[in-house]
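The structure appears right after this line, and notes come after that.
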Amino acid sequence: MHHRKKCDPQLLVPIQKIVVFQQNGSGEKKIEGIRRYGSGRFELKWVDIDDDLPPVIDDASEYLPSEIEADIVLDFLRHPDLSHDLAVICRRHGIPVVASGKKTRVKGALTPPT
């Protein structure tokens, strides 16, 4: 049985699934930009982490899902431990993650300068 991805009818290209991880609204401008300029081209979901966090997080499973279903993940998390663990989860699932300005060295994480 073959499953077809939903397509943008105007462009006839598959709709990309984007998941944005943000902390205290840190990705809101990007989310709004994707909604405004990518309307109909992307399936957009986001994960908000608004908790007060300790300086060191040894186990991020309390904050991050163990399964992610996306074509790409955008990391706007401010806590470096969460960003690192998010990149590890994405690598395990073969999902590219864009973490602008981050210093993570996890294979598959793209860290362009901001």
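The values are calculated or read from the model by the stated rules, or taken from the named source; none is laboratory data. Nothing here was measured: the structure is a model prediction, and the numbers come from that model. FYI the Cβ positions are ideal-geometry reconstructions off the backbone, even for glycines, and counts take in every protein chain you see.
What residue, among those in the stretch 65-107 that are in contact with a Leu (Cβ under 7 Å, 6 or more places away or on another chain) and surrounded by fewer than 19 Cβ atoms within 10 Å (Cβ to Cβ), is modelled with the lowest pLDDT? Here the answer is Val98.
Considering only residues in the stretch 18-42 that are surrounded by 11 or more Cβ atoms within 10 Å (Cβ to Cβ) and of a type in the set (Phe, Trp, Tyr), the one that is farthest from Pro96 (Cα to Cα) turns out to be Phe42.
How about the stretch 50-65: which of its residues are in a helix (DSSP H, G or I) and either in contact (Cβ under 8 Å) with a residue 12 or more places away in the chain or within 10 Å of Asp85 (Cα to Cα) (or both)?
Restricting attention to the stretch 50-65, the residues satisfying the condition of being in a helix (DSSP H, G or I) are 60-62.
Those that are in a helix (DSSP H, G or I) and either in contact (Cβ under 8 Å) with a residue 12 or more places away in the chain or within 10 Å of Asp85 (Cα to Cα) (or both): Ala60, Ser61.
The set of residues in the stretch 20-55 being touching a Leu at 6+ places or on another chain (Cβ under 6 Å), closer than 13 Å to Asp75 by Cα and hydrophobic (A, V, I, L, M, F, W, C) consists of Val20, Phe21.
Cβ-Cβ contacts under 6 Å between residues 6 or more apart (or on different chains), taken from a first residue in the stretch 1-24 that is at pLDDT 65 or above to a second residue that is part of a strand (DSSP E or B) and of a type in the set (Phe, Trp, Tyr), are listed as Gln16/Phe42; Ile18/Phe42; Val20/Trp46; Gln22/Phe76.
Residues in the stretch 33-49 that are free of Cβ contacts under 8 Å to residues at least 24 places away in the same chain, farther than 20 Å from Ala109 by Cβ and not aromatic (Phe, Trp, Tyr): how many?
Qualifying residue count for the region: 5.
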